[in-house]
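Take a look at the structure set out below.
The values are calculated or read from the model by the stated rules, or taken from the named source; none is laboratory data. This one's a predicted model, so the numbers in the text were calculated from it and none came from an experiment. Cβ placement follows ideal geometry from the backbone for every residue including glycine, while neighbour counts extend to all protein chains displayed. Ligands, DNA and RNA are excluded from the accessible area calculation, which covers all protein heavy atoms including side chains. Shrake-Rupley method; radii C 1.70, N 1.55, O 1.52, S 1.80 Å.
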Amino acid sequence: MATKEILSPETEPAQLEVSRWPRIALVTPVFNSGKYIEATIRSVIAQGYPNLDYFIVDGGSTDGTLDIIRKYEGQISGWISEPDNGMYDAINKGFARTSGEVMGWISATDQLHVGGLAAVGSIFQDLPEVEWITARPTAFTEEGMTFQVGEIPRWSRYRFLAGANRYIMQEATFWRRSLWEKAGGYVDASRRIANDFELWVRFFRHAQLYPVETLIGGYRVHGDSIGLQELEACHAVHDAVVEAELDRIAWGRSLRLFRKISKAVKPIPKVRGFWWRVVMKSLYYRRGPDWPPVIVRRPDKWVIER
C-alpha cells in the first residue's frame, strides 16, 4: 500500500488557488487491466485539477498492473492492492479512503475527456443547488480514440423507472458526498454487474439528475467488456432493481403495469412500432412538469437552462 497527500501547497497563494475548487474524490477499481490502466491514470492526472483526491483500488492483479500503478504513485493520493469481492466492493473501499465533497469513479479501461474534472468542479462550485450531474454520453475505441458523442438524454425518476433512458453513463456522472450519504453511502456489492444502476435508483429518491452540455468521461468499447458480454444479465439486474423500487413509490402499480405492457408488445412487430411512436417516445422526449433543465456554460459561469 502507498498513501500520500496529492496536494501540499507551500505558499499561501497556492493554497488559496486550491481552495477555489471543490475537492473531488475519484476512485479507480482495477484487476488485471494492464492493457488499459495506464491510459486511464494518465487521463486523470493530465487534468491538472488542483484539488483532486484520486485513489486506486487493485484486487490483486498479476499481469503487470501494479508496476504501472507504482509508476504514477507520486502523482495520486494513494492505492492499495488486496483481494476483494469485485468492482463495487473495490469502489466502496476507495471512497472510504477519500475526503472529496464531490465524488465519482472511472473504471480501469475508461477515460476522462480533457478538462472533464474542471467542468465537474466548476459546475458544483457555481450551482450549489445541484447534487448530481451527467454529461453527454461518449465512447472510445479500443485504442482510445473518441468515436461517438451522443445527444443529451433527459431523466426523471418516474420516466427512468418506466424504462426511458436506462443507461446513465457512469464515467460522465458525478455527485455531492451529501447525496451519497443520504442514499446510504455505498454501492451495492452483492452483484458483480450493473449495480451502478441500483445506485442511481437510490439517488433518484433524493435528487434530480441534471444533464450537462459538456464532455466529462467516456466508455472504452473493447472485447473484454463485461457489460457488453453480459448485456442480458445486466438488463435482468435492472428489471429486478426497478421491481423492488416500485413497491416503495406512489404509482408503483401503474408503472409495473406499464412495464409489463411494454415487455409484452416487444415481440409483435407492428404493435411494437405503434407503442414506440405513440407511447415510448413521449417518455423520452415530451416535456412535462418533471422534464429536467440542462446545465450549460456561459462565458463566465455555468447556468441552468429550463
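Worth pointing out:
- Put simply, the C-alpha atoms of the range 236-306 give a gyration tensor, and the ellipsoid matching it has half-axes of 31, 19, 11 Å, longest first.
- Alpha-carbon centroids, the range 101-136 and the range 175-226: separation in whole Å: 12
- Per-selection metrics, the range 107-252 (Cα): Rg and Dmax in Å: 15.3, 46
- Semi-axes of the equivalent ellipsoid of the chain are 34, 23, 18 Å, computed as sqrt(5λ) over the eigenvalues of the C-alpha gyration tensor in descending order.
- Of all DSSP-defined beta bridges confined to the chain, some 45% are antiparallel rather than parallel.
- Loop trypsin sites (Lys or Arg not before Pro), the range 186-275, which have at most 11 other Cβ atoms in a 10 Å radius of their Cβ (DSSP): ARG248
- Estimated FRET transfer efficiency when R0 is 35 angstrom, pair ARG277-ARG297 (beta carbons, to 0.05): 0.55
- The relative contact order of the chain comes to 19 percent, based on Cα pairs under 8 Å that sit 6 or more residues apart.
- GLU17-ARG42 FRET efficiency (beta carbon distance; Förster radius 22 Å; 0.05 resolution): 0.40
- Distance in nm between pseudo-label sites at ARG192 and TRP251 (7 Å out along the Cβ direction from Cα): 3.8
- Where labels lie 7 Å past Cα in the beta-carbon direction, separation of GLN75 and PHE147 in nm: 2.7
- Under 25 Å from the Cα of LYS260 - lysines, other chains or at least 8 residues apart: LYS270, LYS281
- Placing unit charges on the Cβ atoms only, positive for Lys and Arg and negative for Asp and Glu, gives the range 140-221 a dipole magnitude near 500 debye about its Cα centre.
- Length, then width, then depth: along the principal axes, the Cα atoms of the range 184-306 run 51, 36, 33 Å.
- Percent accessible area from carbon and sulfur atoms, the chain, protein chains only, probe 1.4 Å: 53
- Dimensions (Å) - the range 95-182, Cα atoms, principal axes, largest first: 36, 34, 26
- Compactness of the range 37-103 was expressed as the Cα radius of gyration divided by 2.2 N^0.38 Å, which yields 1.09.
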